[in-house]
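Asks: Got a structure for you, written out below as structure tokens; questions coming shortly.
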Amino acid sequence: MAKRIGNYTIKMENSPQVVSFASVCGKKESEGPIGEKFDMVFDDTTLGEDTWEKAESQLQAECVNIALEKSKLNKSEIDFIFAGDLLNQCISSTFGLRELNIPFLGQFGACSTMAQTLALASIMVEAKIARHCIAVTSSHFCSAERQFRFPLEYGGQRTPSAQWTVTGAGAIILGEGNNKNSRPVIDSVTIGRIIDFGIKDTNNMGAAMAPAAASTISDFFKDTESSPSDYDLILTGDLGEVGSRLLCELLEKENIDISKVHSDCGLLIYDQKEQDVHAGGSGCGCSASVLCSIILDKLKEKTLNNILFIATGALMSPTSSQQGESIPSIAHLVNIKNNL
């Protein structure tokens with residue numbers, strides 16, 4: 001049974017295992033450094049649908065179906081699906097997954113949603129409430145731009161600190177622990193606290209989210225009495241160039257140096273020199289698609305054995321931004337490792 005460690009961390013004793021994982025992406029993402037690692041690429045970002053929102057729903061549906069196919073499980077063997085996205089009322093998830101007829105728990109953690117769904121799914125499997133759970137999330141550049149900024153037709157200029165919302169999705173199927181195989185397992189999770197440093201610039205999400213990432217990482221190290229050198233990789237969700245730099249500076253003030261093992265999904269998915277993404281990638285689908293492709297592949301191949309995955313989210317809405325509110329942020333952490 002899971003047990004609490006310190007103030008914020010939950011340690012798994014039955015080690016829920018990663019049964020399968022899948023990632024899908026759009027054309028721009030496929031042209032980046034890890035493009036060949038995705039399970040499916042859509043050259044047409046409409047995915048044959050008549051709205052961007054329907055296209056994003058299709059991203060989730062395709063991703064989950066690929067994960068199910070790879071797992072060799074029937075959907076009847078999935079007890080719960082945890083899913084979320086950036087759109088109002090999480091419509092990408094609800095409309096994309098409604099045909100599966102799987103008990104559904106909708107989530108909103110903004111861009112931290114992949115870590116949030118994975119943490120909750122692992123707790124359900126750990127407690128033996130579920131045999132298998134799916135954690136999935138997505139984002140789409142065009143649907144996010146329409147909701148949070150301006151329709152594409154507006155042609156607005158992007159600031160250097162702005163990030164490019166990833167068109168993509170990632171899904172993980174978790175199952176009960178089994179020491180007889182060598183699949184990666186969820187070792188522990190740390191649930192983040194809402195952190196607000198008063199940032200109001202929606203074109204500088206990295207600065208808004210970095211304090212939340214620093215808080216959660218610091219909490220985890222205190223709870224577990226571990227240090228950055230104990231991990232092969234400390235992977236943040238989508239802080240991008242600005243946020244990643246700020247994260248390291250904030251942690252250095254607490255005498256925590258993650259620089260040797262830190263990387264960020266928003267910097268991995270695009271080539272910043274060749275692709276017009278300014279400060280890097282963002283969106284729910286950013287951390288989800290990177291984790292569910294190159295990172296879990298490396299864990300499976302044993303080139304990585306012990307990682308911290310920290311997805312970060314800006315808990316704002318178009319309404320709160322229009323009313324001049326600041327951007328509260330959150331970060332959840334999942335420790336994924338191999339049983340060696």
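The values are calculated or read from the model by the stated rules, or taken from the named source; none is laboratory data. The structure displayed is predicted, hence computed values, not measured ones. All Cβ positions, even for glycine, are placed from backbone atoms using ideal geometry, and neighbour counts span all protein chains on display.
Asks: Restricting to segment 97-122, and then to whatever is touching a Lys or Arg at 6+ places or on another chain (Cβ under 9 Å) and more than 12 Å from Val136 (Cα to Cα), can you tell me which residue is surrounded by the most Cβ atoms within 10 Å (Cβ to Cβ)?
Replies: In this case the residue turns out to be Ile102.
Asks: Of the residues Asp219, Asp201, Asp196, only one is assigned by TED's automatic domain parsing to the domain that holds Thr319, over 27 Å from Lys37 (Cα atoms), out of contact with any helix residue (DSSP H, G or I) (no Cβ under 9 Å at 6 or more places or on another chain) and touching a residue at least 24 places away in the same chain (Cβ under 8 Å); which?
Replies: Checking each option against the conditions leaves just Asp219.
Asks: Identify all residues within segment 319-338 that are out of contact with any Lys or Arg (no Cβ under 8 Å at 6 or more places or on another chain) and farther than 18 Å from Asp196 by Cβ; write none if there are none.
Replies: Result: Leu333, Val334, Asn335, Ile336, Lys337.
Asks: Is there a residue in segment 185-204 that is buried (at least 24 other Cβ atoms within 10 Å of the Cβ), over 27 Å from Phe21 (Cα atoms) and touching a His at 6+ places or on another chain (Cβ under 8 Å)?
Replies: So far as segment 185-204 goes, no, none of its residues is buried (at least 24 other Cβ atoms within 10 Å of the Cβ), over 27 Å from Phe21 (Cα atoms) and touching a His at 6+ places or on another chain (Cβ under 8 Å).
Asks: Please determine, by comparing only the residues of segment 212-228 that are surrounded by 20 or more Cβ atoms within 10 Å (Cβ to Cβ) and not aromatic (Phe, Trp, Tyr), which one is farthest from the chain's Cα centre (by Cα).
Replies: Selected residue: Asp219.
Asks: Continuing with this model, one more query. Which one is farthest from Ser244 (Cα to Cα) among residues in segment 194-216 that are of a type in the set (Gly, Ala, Ser) and in a helix (DSSP H, G or I)?
Replies: Step by step, filter segment 194-216, then rank; the result is Ser215.
Asks: Of everything in segment 278-298 that's surrounded by fewer than 24 Cβ atoms within 10 Å (Cβ to Cβ) and in contact (Cβ under 8 Å) with a residue 60 or more places away in the chain, which residue is farthest from Ala67 (Cα to Cα)?
Replies: Restricting to residues being surrounded by fewer than 24 Cβ atoms within 10 Å (Cβ to Cβ) and in contact (Cβ under 8 Å) with a residue 60 or more places away in the chain, the top hit is His278.
Asks: Scan segment 23-32 and give yes if some residue there is hydroxyl-bearing (Ser, Thr, Tyr), surrounded by fewer than 21 Cβ atoms within 10 Å (Cβ to Cβ) and under 20 Å from Ile295 (Cβ atoms), otherwise no.
Replies: yes
Asks: Right, something else. Which of the following residues is assigned by TED's automatic domain parsing to the domain that holds Lys37 and modelled with pLDDT of 90 or more: Gln116, Gln147, Gln163, Gln157?
Replies: Gln116
Asks: Note down all Cβ pairs under 7 Å where the first residue falls in segment 129-147 and is in a helix (DSSP H, G or I), the second is modelled with pLDDT of 85 or more and small (Gly, Ala, Ser), and they're at least six residues apart or on different chains.
Replies: Close Cβ pairs (under 7 Å, with a partner that is modelled with pLDDT of 85 or more and small (Gly, Ala, Ser)) amount to Ala144/Gly283.
Asks: Restricting to segment 294-313, what's the tally of residues that are among the hydroxyl-bearing types (Ser, Thr, Tyr) and within 30 Å of Ile327 (Cα to Cα)?
Replies: Looking only at that region, the number is 1.
Asks: Here are some residues: Asp238, Asp232. Which one is surrounded by 21 or more Cβ atoms within 10 Å (Cβ to Cβ) and of a type in the set (Asp, Glu)?
Replies: Asp238
Asks: Of everything in segment 237-277, what is hydroxyl-bearing (Ser, Thr, Tyr) and touching a residue at least 40 places away in the same chain (Cβ under 8 Å)? Give them in sequence order.
Replies: Tyr270
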